[in-house]
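Read through the structure below, which is laid out as structure tokens, and then see the notes.
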Amino acid sequence: MKAQIIDGKKIAADIRQELEPRVAALTARGSKPGLAVVLVGDDPASLSYVTAKERDCEKIGIGSFDLRLPRETTQEELLALVDRLNNDDQVDGILVQLPLPDHIDADCVLQRIDPAKDVDGFHPLSLGRMLLGLPALLPCTPQGVVEMLQRSGHDPAGKEVVIIGRSNIVGKPLSVLLALKRPGGNATVTVCHSRTRDIARLTAGADIVIAAMGSPEFLTADMIKPGAVVIDVGVNRVEDPQAKRGYRLVGDAAYQDLLEKASAITPVPGGVGPMTRTMLLHNTVCAAEARRA
Ligand code: GUN
């Protein structure tokens, strides 16, 4: 069996097309949506992520405000910037790219963002509302994974899902979304992590396995049951002197190995990544519609 390749780029393009008339309607009544993207320091991976996010905005008519701050920026200066963006009526969404330098308390900064503009869905209020199943801005990667499953014909309802990884950005919120009593949810969810005794025993029983722990090609074919669906959230740079930039991107799943055993799998790149970026646009449009209603 050769697995169905779940095309994140195509699904993301469909969603962006659905967003375009909503952006146009907001713009037509003088409320063009705007996203502020804040990057502290010059980490090359972070820089490439934020540049891509800003380009995505421009392509569908969302205004982007690019804020680049030096590594030495103090916490007070960053908090002052967040306050200014909270009060700027042109700004519907605020994204502070993580990780932040060690001298800055990321939790403190994320909690300063106005929850109405929290397009990353990382504010405790957003996460609490999500947990309760109330309307909320949802974290982009978990939301993207759920959309991807639904739109590729793999509705999680009634399925056994194993997530490897318990990060605040992916594993933890995704486990909540998939278990919620709502469309895209209703799954039975297990979360594995570094202290899980036998990960392979758990993944071997799963209908859907989601690899999100940041370990290159960790999930292999011997760990899944035949016909399982594999969602790969990992993006790892692995040194490769033959590659154009001296590295290549690999996921947390051993793609080639799994192709023969899974019934469906997401590639890296071109899988979850484009979905995450598109859900950011989705959240920005939702935030703009709510703020400017
Ligand atoms: N760093 C890695 N992923 C993300 C994300 O989704 N949002 C932000 N703000 N930073 C990140």
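Points to keep in mind about this one:
- From the list Leu219, Leu180, Leu249, Leu259, the one residue that fits, being touching a residue at least 40 places away in the same chain (Cβ under 8 Å), surrounded by fewer than 19 Cβ atoms within 10 Å (Cβ to Cβ) and under 27 Å from Gly121 (Cβ atoms), is Leu180.
- From the options Thr220, Thr284, Thr278, residue that is away from the ligand (no atom under 16 Å from the Cβ) and of a type in the set (Val, Ile, Thr): Thr220
- Identity of the residue in segment 33-63, outside any helix (DSSP H, G or I) and more than 14 Å from the ligand (Cβ to nearest atom), that ends up surrounded by the most Cβ atoms within 10 Å (Cβ to Cβ): Pro33
- When the residues of segment 78-92 are filtered to those that are touching a helix residue (DSSP H, G or I) at 6+ places or on another chain (Cβ under 9 Å) and not in a loop (DSSP other than H, G, I, E, B), the one that is surrounded by the fewest Cβ atoms within 10 Å (Cβ to Cβ) is Asp83.
- If you check Val209, Val235 for being crowded, with 22+ Cβ neighbours inside 10 Å and touching a helix residue (DSSP H, G or I) at 6+ places or on another chain (Cβ under 7 Å), only one passes: Val209.
- When Gln75 is tested against (1) surrounded by 15 or more Cβ atoms within 10 Å (Cβ to Cβ); (2) without any contact (Cβ under 8 Å) to a residue 24 or more places away in the chain; (3) of a type in the set (S, T, N, Q), just one condition goes unmet, and that condition is (2).
To keep it simple, each residue is scored yes or no on (1) surrounded by 23 or more Cβ atoms within 10 Å (Cβ to Cβ); (2) modelled with pLDDT of 95 or more; (3) out of contact with any Ser or Thr (no Cβ under 9 Å at 6 or more places or on another chain).
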| position | (1), (2), (3) |
| --- | --- |
| His103 | no, yes, no |
| Val109 | no, yes, yes |
| Pro115 | no, yes, no |
| Pro139 | yes, yes, no |
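- Filter pass, Arg182 being outside any loop (DSSP other than H, G, I, E, B), charged (D, E, K, R) and more than 16 Å from the ligand (Cβ to nearest atom): no
- Taking each residue of segment 123-136 that is farther than 16 Å from Asn86 by Cα and looking for partners that are polar (S, T, N, Q) with beta-carbon atoms closer than 6 Å, six or more apart or interchain, yields Ala136/Ser126.
- Selected residue [under 20 Å from the mean Cα position of the chain (by Cα) and either in contact (Cβ under 8 Å) with a residue 24 or more places away in the chain or within 13 Å of the ligand (Cβ to nearest atom) (or both)] from Val109, Val82: Val109
- Residue match in segment 282-293 (condition: surrounded by fewer than 16 Cβ atoms within 10 Å (Cβ to Cβ) and at pLDDT below 95): yes
- Residue identified as among the hydrophobic types (A, V, I, L, M, F, W, C), within 10 Å of the ligand (Cβ to nearest atom) and buried (at least 22 other Cβ atoms within 10 Å of the Cβ) among Val162, Val170: Val170
- Yes/no for Pro101 being farther than 24 Å from Val285 by Cβ and within 14 Å of the ligand (Cβ to nearest atom): yes
- Assessment of segment 213-232 against the conditions (over 24 Å from Lys172 (Cα atoms), at pLDDT 95 or above and assigned to a loop (DSSP other than H, G, I, E, B)) yields at least one matching residue.
- Odd one out for Lys261, checked against (1) assigned to a helix (DSSP H, G or I); (2) away from the ligand (no atom under 16 Å from the Cβ); (3) basic (Lys, Arg): (1)
The values are calculated or read from the model by the stated rules, or taken from the named source; none is laboratory data. Bear in mind the structure is a predicted one, so any value in this text is a computation, not a measurement. Counting neighbours? That spans all protein chains shown, and the Cβs are built from the backbone with ideal geometry, glycine included.
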